[in-house]
Every structure is written in structure tokens, then in C-alpha cells.
Amino acid sequence: MTSLRGGGPLTTLVLGDDKHATLWQLILLNVLEGGKFLGICGNPALTTGKAIFPWLGETRKGRRKKGDEFFGEDTTPEIVHPATMFWAMPRRIRLNLADLSSGSCGACGSISDRLISSYKEIAGGASYGGSWLHPLSPYYEKTTKGETSILPVHAQPGGISYRHWLGLVQQDGAEKRMPARIVHEFYDRWKSGWQFRLWAFGYDMDNMKARCWYESTMPLLYVDSAFRGEYEQYAAGMVKAAAEIANNARSAVKKAWFRRPGDAKGDTTFLDSSFWQNTEPAFFMALDGIRKALESKIDNKVARQVWHKTLCEHALKLFDDYAWKGPIEDADPKRVVIARRKLEFYNRGKKIKELLGLPVEQKTTNKAAKKKEAKQKT
């Protein structure tokens, strides 16, 4: 149920609530209607077995380059049925039937005298080219040298959290990220009254080697279509404000640690992970507050102000927890104090407030203030 592209693309599924948690309900929630599925990509006119199940036909050798020449061919959507997306075969594996053994199967525990204990992987499995759009994977748009490609989202170090809300749950127009088709269709047919969640999972890959398996669930909030657009604008601003403050916090800690933070090397993703993890419960509370305010047709500024305050407090806590833990030979109390002061200033500045739609205080120059004061006296 994963994307055809290599490298471990993310898979996202819609999960039901406690009353809709059977395997059948899980499958049904993540199946597109026939016409919509057949229209994603692929050639629905090809209905032969091998057009759907690759193992029923001859082994397809993917397009490979040897020297200056290319051999094989890409498997493109035009030459197979759309259902092929669920049966990707980028590897050619042959079971060793010549060297069988007897005993207990390590997978199922059954006793047999025909146990397979080895297999052989042959280079040159199918390669999938063209515009594949798997219904269970989120995608993003990338432009390189004037050419635009639609690529699947992959798991990255640090795991999956609400920082990926844009692109997993709702579309991110600025970064050109789009949720999986199944999520989009689910929102269009969702009726209020039931609670659903999004389940995202996948491998963080490094050159065909799995570095880590990540999975996470997050609640989906029902929003009436009448104000869904406004709601999504607020949600996008909240996530982007959190991203800015997370970056500010990480930068401030590095400034506290090092005289030349730009030259410092090392993995600091644990700072980001801590920030996102500790602010996640408050994010969903703030989102729910905004949703309720929109439903009641009242101002939701308080919910956004509380979210801003929460982000600022967690950023300072993160700084205070780590600022004094830098290299002892590079310690400088004055540098730590200055970094903390700047962190507070940036987090309460114009950029963050604009992202959250909060009022920005207008600064009055001394000259203008004096002129205004003079007019009042006259």
C-alpha cells in the first residue's frame, strides 16, 4: 500500500474512532470510489491479469544505463492498469527451491519438510517512471532547471508530528505540498459526529538502507465546508509560526553555545524534536478552539494569542534547558544572556504575529511623537 517511487515514501491512512476500528472499516475508509480511482493515473482499459498483477507476466527489466546506452524500459502509467500501484515490484527476487530443509517455519510456526531458507536478488527490477500518483501517499511539487515534477513525500529524521500538518492533512499552497488523494476525498465526504485520525508511517531511507521507521497518528477535526477555507488559513499560520519559533530557539541555543555558531557542526535535530513534541497537545487544543469559535461565529483571537504564548514559553524553556550545556571551553555567560534576550524579541516580533493574524504594534518615531505632542499643547 505504498508509493511506487523508491526511497520509502510516506503512506497516510484514515483511522476510525473506537466505534469504527475494525480491519474492514480501516480498509473501507481508505478505498476510493471506482471512477475516482481509475482516473488518478494508469490505463483502466488494460484489464488482463499481467496488467494488474506484474508476477503474472514476464519479468520486466527496468530502464538501466550501461556505459552510454540504456537497456530495458520504465513502467509508466500508460502501459499498466491503475491497480498496479498496489503491487509494485522494483526488485527481482528468486526463491531458492533447490536447497530445501525441514523443521518449523520461522514465520508461521508450521512444521514442513519443504522450508525455503534463502533467496537470490537479481539486479534490474522494474523501474517506475512517469506521473504516478499513489492515492495513499502525499506529494510535493519540485521545479529543477525549468522542469516541474510531482514527487512523493518521504520520512525524514525527527519523525512525524503536527509540523507536517501542511501537506499531510491540508494543502500547503506556498510550499506546493498536497495530502494523499484518499485524505482529500475523505474530507469531502466526511459527516460530523465521528472522530477520525490520520495514521502516517514510512521508512527514513539512506541510499536503499533503512535508517529508521517512523509512524504517528494525529486527530482529524471535522470542519464545516462553509468556513473550512478560513479555518485552514489559521491552521497554516499556526504551523508556520511554530516552525519560525522552533528555528529561532535552535539558533539561539547555538548562539549560546558557540562564538561562531555558523561554523559549528553537529546534529541539533533533537532540539526541534523536543519543541514539536512538547507543543503538540497545545496545537490541537488551539485548533479545536478556533474551530468552535468559527462555528459559533465569534472572534478566535484569544485562541491564537494563547497559542503564541505557548510557543514563546516552550521556546524559552528549551533554551534554558540546553543553553548552559554547551562546550565548557567555549562557555560565555554574557553570550547566553544576549541570545536569550534576542530569542524573546524575535518570537514576539512582527513576523510571528503576522503569521498568526495578531495585531502588530506600530512604532512611533521620536520625531513624530514630539510633533504630535506639540500639536496637542497648541
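Is at least one residue of region 195-208 outside any loop (DSSP other than H, G, I, E, B), surrounded by fewer than 17 Cβ atoms within 10 Å (Cβ to Cβ) and free of Cβ contacts under 8 Å to residues at least 40 places away in the same chain?
Within region 195-208, one or more residues are outside any loop (DSSP other than H, G, I, E, B), surrounded by fewer than 17 Cβ atoms within 10 Å (Cβ to Cβ) and free of Cβ contacts under 8 Å to residues at least 40 places away in the same chain.
M89 fails exactly one of the following numbered conditions: (1) more than 16 Å from I40 (Cβ to Cβ); (2) out of contact with any helix residue (DSSP H, G or I) (no Cβ under 7 Å at 6 or more places or on another chain); (3) of a type in the set (A, V, I, L, M). What is the number of that condition?
(2)
Pairs needed: first member in region 341-357, surrounded by 14 or more Cβ atoms within 10 Å (Cβ to Cβ); second member anywhere, in a loop (DSSP other than H, G, I, E, B); C-beta distance under 6 Å; at least 6 residues apart or different chains.
K353/V360
Looking at I93, I116, I79, I150, can you tell me which residue is in contact (Cβ under 8 Å) with a residue 12 or more places away in the chain, over 19 Å from G8 (Cα atoms), outside the structural domain of N278 (by TED's automatic domain parsing) and loosely packed, with under 15 Cβ neighbours inside 10 Å? Spell out the reasoning first.
Details: I93 fails: over 19 Å from G8 (Cα atoms); I79 fails: loosely packed, with under 15 Cβ neighbours inside 10 Å; I150 fails: over 19 Å from G8 (Cα atoms).
Going through I93, I116, I79, I150 in turn, just one is in contact (Cβ under 8 Å) with a residue 12 or more places away in the chain, over 19 Å from G8 (Cα atoms), outside the structural domain of N278 (by TED's automatic domain parsing) and loosely packed, with under 15 Cβ neighbours inside 10 Å: I116.
Only one residue in A155, A174, A249 is crowded, with 21+ Cβ neighbours inside 10 Å and either among the hydroxyl-bearing types (S, T, Y) or more than 11 Å from the chain's Cα centre (by Cα) (or both). Which one?
Numbers: A155 fails: either among the hydroxyl-bearing types (S, T, Y) or more than 11 Å from the chain's Cα centre (by Cα) (or both); A174 fails: crowded, with 21+ Cβ neighbours inside 10 Å.
Answer to the selection: A249.
Being at pLDDT below 85, under 22 Å from F284 (Cβ atoms), crowded, with 16+ Cβ neighbours inside 10 Å and out of contact with any Phe, Trp or Tyr (no Cβ under 6 Å at 6 or more places or on another chain) is the requirement here; does G167 meet it?
On the way: at pLDDT below 85: no; under 22 Å from F284 (Cβ atoms): yes; crowded, with 16+ Cβ neighbours inside 10 Å: yes; out of contact with any Phe, Trp or Tyr (no Cβ under 6 Å at 6 or more places or on another chain): yes.
Here the answer is no, as G167 does not meet what is asked.
Name the single residue, out of those in region 257-273 being hydrophobic (A, V, I, L, M, F, W, C) and in a loop (DSSP other than H, G, I, E, B), that is modelled with the highest pLDDT. Let's see the steps before the verdict.
Of all residues in region 257-273, those hydrophobic (A, V, I, L, M, F, W, C) come to 257-258, 264, 270-271.
Those still in the list that are in a loop (DSSP other than H, G, I, E, B) too: 258, 264.
Working: F258: 86, A264: 74.
By that ranking, first place goes to F258.
Scan (1) closer than 20 Å to K317 by Cα; (2) without any contact (Cβ under 8 Å) to a residue 60 or more places away in the chain for the single condition A256 breaks and write down its number.
Looking at each condition in turn, A256 falls short on (2).
Return a yes/no flag: does region 276-287 have any residue that is touching a Gly at 6+ places or on another chain (Cβ under 6 Å) and either in the same structural domain as R163 (by TED's automatic domain parsing) or in contact (Cβ under 8 Å) with a residue 40 or more places away in the chain (or both). Before the answer, list the steps.
Start the filter on region 276-287 by keeping residues that are touching a Gly at 6+ places or on another chain (Cβ under 6 Å), which leaves none.
No, every residue in region 276-287 fails to be touching a Gly at 6+ places or on another chain (Cβ under 6 Å) and either in the same structural domain as R163 (by TED's automatic domain parsing) or in contact (Cβ under 8 Å) with a residue 40 or more places away in the chain (or both).
Between I182, I160, which is within 21 Å of S216 (Cα to Cα), in the same structural domain as G202 (by TED's automatic domain parsing), assigned to a loop (DSSP other than H, G, I, E, B) and of a type in the set (V, I, T)?
Details: I182 fails: assigned to a loop (DSSP other than H, G, I, E, B).
Within the list I182, I160, the selection yields I160.
Here is a check on your reading of the model: is P281 crowded, with 21+ Cβ neighbours inside 10 Å, on the phi < 0 side of the Ramachandran plot and not hydrophobic (A, V, I, L, M, F, W, C)? Talk me through it step by step, then tell me what you get.
On the way: crowded, with 21+ Cβ neighbours inside 10 Å: no; on the phi < 0 side of the Ramachandran plot: yes; not hydrophobic (A, V, I, L, M, F, W, C): yes.
The answer is no for P281.
Would you say W24 is among the hydrophobic types (A, V, I, L, M, F, W, C) and outside the structural domain of E185 (by TED's automatic domain parsing)?
Numbers: among the hydrophobic types (A, V, I, L, M, F, W, C): yes; outside the structural domain of E185 (by TED's automatic domain parsing): no.
Considered against the rule, which asks whether it is among the hydrophobic types (A, V, I, L, M, F, W, C) and outside the structural domain of E185 (by TED's automatic domain parsing), W24 comes out as no.
Starting from region 209-227, keep only residues that are closer than 19 Å to F186 by Cβ and of a type in the set (A, V, I, L, M), then list their pairs with residues that are part of a loop (DSSP other than H, G, I, E, B) and modelled with pLDDT of 90 or more whose Cβ atoms are within a distance under 8 Å, requiring at least 6 positions of separation or different chains.
M218/S161; M218/V169; L220/V169
Out of curiosity, is A88 closer than 30 Å to M285 by Cβ and not charged (D, E, K, R)? Lay out the reasoning, then the answer.
Working: closer than 30 Å to M285 by Cβ: no; not charged (D, E, K, R): yes.
Answer is no for this residue.
Quick check on region 149-167: of everything there that is touching a Lys or Arg at 6+ places or on another chain (Cβ under 7 Å) and not aliphatic (A, V, I, L, M), which residue is farthest from D204 (Cα to Cα)?
By that ranking, first place goes to S149.
Would a scan of region 274-287 turn up a residue that is touching a strand residue (DSSP E or B) at 6+ places or on another chain (Cβ under 7 Å) and modelled with pLDDT of 95 or more? Even if it seems obvious, please write down each step before you answer.
Filtering region 274-287 down to residues touching a strand residue (DSSP E or B) at 6+ places or on another chain (Cβ under 7 Å) leaves 284.
If we keep only those that are modelled with pLDDT of 95 or more too, we end up with 284.
Yes: one or more hits.
The values are calculated or read from the model by the stated rules, or taken from the named source; none is laboratory data. Please read these numbers as outputs of a predicted model, since none were measured by experiment. Please note: Cβ atoms are built from the backbone with ideal geometry, for glycine as well, and neighbour counts cover all protein chains shown.
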